[in-house]
1. For the range 138-149, in order, what is each residue's ³J(HN,Hα) by Karplus, 6.51 cos²θ - 1.76 cosθ + 1.60 with θ = phi - 60°, in whole Hz (x at glycine and Pro)?
2. Kindly state, to the nearest 0.05, the FRET efficiency for Asp160 paired with Glu108, given R0 = 22 Å and r defined as their beta-carbon distance.
3. Multiplying the sequence separation of Tyr83 and Lys50 by 0.36 nm and subtracting their Cα-Cα distance, what value in nm do you get?
4. Tell me, what is the FRET efficiency for Asp146 and Ser71 to the nearest 0.05, using R0 = 25 angstrom and their Cβ-Cβ distance as r?
Amino acid sequence: MRYFILILSILTFVSCKNESETKQVQTTTESGFKDQLINDTVRDCAAYYKAAAKMDSILLKSLEIENNTASEALRTFVDFAFYCESDTMSPVYLIKAAQVAMSINNTEQARIVLDRCINNYPRFKNKPAALFLLAQLYDEPRMLNDEAEARKLYEQIVYDYPKSDWAASAKAALQLIGKTDEQILEEFKKKNKGK
């Protein structure tokens, strides 16, 4: 019971302290507050980017990704992309976050960050890659297992980005939707027999 009261007291003290600090910041002049906020954001984004780049480097050097490392990378990439949304690297790190999430079978997190990448960055040059990864999530039986949604996304890539490499991959994927591994293998054998 003593520990509970001690913890409650600490939480109350911290919340009161945070509230008084907030009031102090709000009494700062309007222009001074905005300048400070901009400077803090730039400094924070630089720190978030540095952390994300460091994790990216660690992953690139790894032959196998441990769950702890993957979870830390996922958190670091998402933090950068969410807190520094206007940075041009944000959609790149959302795709990286999705790839890491997929590697540890966190399909819901992968779907969320890919949706954010696609919806928040309509002019992102690698949007077809994000769409393709999302389509794969839906296409894969072990992941989201929704062939209708996968088909819709593959068709969107073909329609919206017809000259991209992703359109060719999407066309190939459309040919495989609904087929078992055995059927795909049989078709592959038939194609290679004729060569």
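1. For the range 138-149, the Karplus curve yields 6, 6, 6, x, 7, 10, 8, 6, 9, 4, 5, 5 Hz.
2. Working from the Cβ atoms, E equals 0.30.
3. 10.5 nm
4. After rounding to 0.05, the efficiency reads 0.45.
None of the figures in this text is laboratory data; all of them are computed from the coordinates on show. Everything numeric in this text was worked out from a predicted model, so none of it was measured. Glycine also receives a Cβ, built like all others from the backbone with ideal geometry; neighbour counts cover every protein chain displayed.
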